[in-house]
Amino acid sequence: MPAATPSATRSARLGLRATPEQEAVLRRAAEVAHKSLTDFILDSACQAAQQTLLDQRLFMVSGVQYQAFMDLLEQPEQTNESLRDLLSRKAPWDAAMTLRGPEPLGPQHLVEGFDCGKTGGSTTGWCATPDRRKAVARPRRFVVGEDDRWWAISA
């Protein structure tokens, strides 16, 4: 279920009760996400609902759908070189990986082309700041690295 578009009219009313601690966490998270409390709760609840629905283990299908599925299973396997290549690589979280750090982000870390992976992500802009010396003074920004790769973390 995609998030509601700005032009979509919300006509269904939902009510819920929360502890003061839960409310404080939700308000803080909504603020960090630059969303209203309602939008944050609704988006989060819809994401959780979608995941719950996707995690279902029992699938009900018609006889025709079942037969089509069984026919697919009976077909000879096909070689997938891309999958073979992917599975032959060492996983980044493999114990053999030796990470350096964490260490404070500094001028020695190359940040050109860094992308935090999130559209509009504040970390991308922060790392791309031309004068990182001011940003580096913040003690809670670190990097963890291996060889010429590194990952920015914030504590």
Notebook entry, point to check: What are the residues whose amide H is under 5 Å from the amide H of K35, where those residues sit 5 or more places off or on another chain and H is modelled from the backbone?
Noted result: none
Check: If R0 is 25 Å, what FRET efficiency do you get for A33 and A91 from their C-beta distance, rounded to 0.05?
Finding: 0.25
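Subtract the Cα-Cα distance of A12 and Y66 from 0.36 nm times their separation in residues, and report this length gain in nm to one decimal.
That pair, A12 and Y66, stretches by 15.8 nm at full extension.
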Notebook entry, point to check: Sorted by packing (mean other beta-carbon atoms within 10 Å per residue), highest first, where do 53-63, 20-30 land?
Noted result: 20-30, 53-63
Check: In what sequence, highest mean first, do 35-42, 68-75, 8-15 appear when ranked by Cβ atoms within 10 angstrom?
Finding: 35-42, 68-75, 8-15
Notebook entry, point to check: Which FRET efficiency, nearest 0.05, do E21 and L53 yield, Cβ-Cβ r, R0 22 Å?
Noted result: 0.15
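FYI, it's all coordinate maths here, none of it is from the lab. Keep in mind the model is a prediction, meaning the values are calculated, not measured. Positions of Cβ are generated from backbone atoms using ideal geometry, with glycine treated the same way; all protein chains shown enter the neighbour counts.
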